[in-house]
Amino acid sequence: MSSQISESDPEQLLHKLNIFKIHGKDKRGHKILRIIGKFFPARFLSVDVLNKYLDEYIFPRLGKKPFSVLYVHTGVQRSENFPGISALRSIYEAIPINVKDNLQAVYFMHPGLQARLFLATFGRLVFSGGLYGKLRYVNRVDYLWEHVRRNEIEIPDFVYDHDEDLEYRPMMDYGLESDHPRVYGAPALDSPSVSIYSMRCIS
């Protein structure tokens, strides 16, 4: 099977990249929706396509019970896989009200200084309905196990590698030292099209 994944089939693209996965539970017994930000194809994906995918494949599987989100921010670069403020707001506003009401917590893995500043500045404006108050920063994988059942959720290797880098170079936490991101094997993509990436509001 080819390692190339075409943006001409956006549903296949999202399935193959495995960005959204419902598995594991937190310490309160809630399902977890894991989101891997590093693999998010912001250059290739429109907001409408993403909303349709979530509505058809993700939200129905969450059911009508409380759930939590684990968002893995490790390796996210604004120039590559960050969708932008306008896109984030559009995506959030399209989430059904019952899904928003059932969301209990968002565990934000490896936030970094820029992400913290963004959320502190724009978080309450972009995410209405109390989502900002459900945000929980998780600076190291070991801290995640205070909230999530360790043996029930898969964490990619590059997250552990970044954790190790932070232990040896703690100034990366504060944006005082570059993280020099490593290259890992995310599936390759074809040529870009009109996308979420084009909607970025910050560079």
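The values are calculated or read from the model by the stated rules, or taken from the named source; none is laboratory data. None of these values were measured; they are calculated from a predicted model. Positions of Cβ are generated from backbone atoms using ideal geometry, with glycine treated the same way; all protein chains shown enter the neighbour counts. All accessible areas refer to the heavy atoms of the entire protein, side chains included, with ligands and DNA or RNA removed. Shrake-Rupley method; radii C 1.70, N 1.55, O 1.52, S 1.80 Å.
When its C-alpha radius of gyration is set against 2.2 N^0.38 Å (N residues), segment 10-174 gives a value of 1.00. Calculated accessible area for segment 10-174 comes out at 49 Å² per residue, all protein chains present (probe 1.4 Å; ligands, DNA, RNA ignored). Between K25 and S86, what's the calculated FRET efficiency when r is the beta-carbon distance and R0 is 41 Å? Round to 0.05. Efficiency for this residue pair is about 0.80. Put simply, the amide H of Y137, placed in the peptide plane, has neighbours under 5 Å in F108, leaving out anything fewer than 5 places away on its chain.
For K64, the lysines whose Cα comes closer than 21 Å to its Cα, not counting residues fewer than 8 places off in the same chain, are K21, K25, K27, K31, K52, K100, K134. Apolar share of the accessible surface for segment 10-174: 51 percent from carbon plus sulfur atoms, 1.4 Å probe.
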